[in-house]
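Report on one structure; see the data block that follows.
No lab work stands behind these numbers, since they all come straight from the coordinates. The shown structure was predicted, so the numbers you read here are calculated from the model rather than taken from an experiment. Here the Cβ is made from the backbone with ideal geometry for all residues, glycine too, and neighbour counts use every protein chain on show.
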Amino acid sequence: MAVRKFKPVTPGQRNKVISAFEEITCTIPEKYLLEPIRKTG
């Protein structure tokens, strides 16, 4: 998993490091994980 480092623009962002999830996530949801919304009435 990749790690993103930030350039410190403010003192609060100094040494800020977060995990990057672009490799394991996708923008389109998986079809088999979705459940249709049933509208009645």
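Quick rundown of the values:
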read-out	value
Pairwise label distance in nanometres, residue 38 with residue 6, each label 7 Å out on the Cα-Cβ vector	4.5 nm
Percentage relative contact order, the chain, counting C-alpha pairs under 8 Å, at least six apart	32 percent
